[in-house]
Amino acid sequence: MAKRQETKWQEFAYAAPEARSVQLVGDFTKWTEHPVDLKRGKDGRWYTALGMKPGVHRYRFLVDGEWRDDPSCEARVANPYGSEDAIRRVA
């Protein structure tokens, strides 16, 4: 019998006080197929938390429809579009 992988809560944040919308996209959202909307905090940062399966996941942010890097993430890998995806390791 295969062991069931439990999801782990992961928090994401992005500072964009002037933005109208911020979305989290990645391999866990099938990229733009199922983006996750972040909510704006009073501090001008946008936040979300979601359950993710253990493993290594690639992601980026869409800020007002424009692709953006996660400046707080140092682990990155090149993508086929000439930019880099951030890496989130979930244990």
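Bear in mind that the values in this text are calculations on the coordinates, not laboratory data. In this text the structure is predicted, and so the values were computed from the model without any measurement. Reconstructed Cβ throughout: ideal geometry from the backbone, glycine too, with neighbour counts over all protein chains shown.
Worth a mention:
- Placing pseudo-labels 7 Å out from each Cα toward the beta carbon at S72 and W31 gives an inter-label distance of 2.5 nm.
- Reach of K30 by Cα under 20 Å, taken over aspartates and glutamates that are not fewer than 8 positions away in the same chain: E6, E11, D64, E66, D69, D70, E84, D85
- Bridging of K42 to aspartates and glutamates at a Cα separation below 14 Å is possible for E18, once same-chain residues fewer than 8 apart are set aside.
- Here the gap between R45 and K8, fully extended at 0.36 nm per residue and compared with their Cα-Cα distance, gives a gain of 11.1 nm.
- Placing +1 on each Lys and Arg Cβ and -1 on each Asp and Glu Cβ, with no other charges, gives the chain a dipole about its Cα centre of roughly 440 debye.
- Extension gain from R20 to V56, taking 0.36 nm per residue of separation minus the Cα-Cα distance: 10.0 nm
- Net charge over other residues, Cβ less than 14 angstrom from the Cβ of R20 (K, R count +1; D, E count -1): -1
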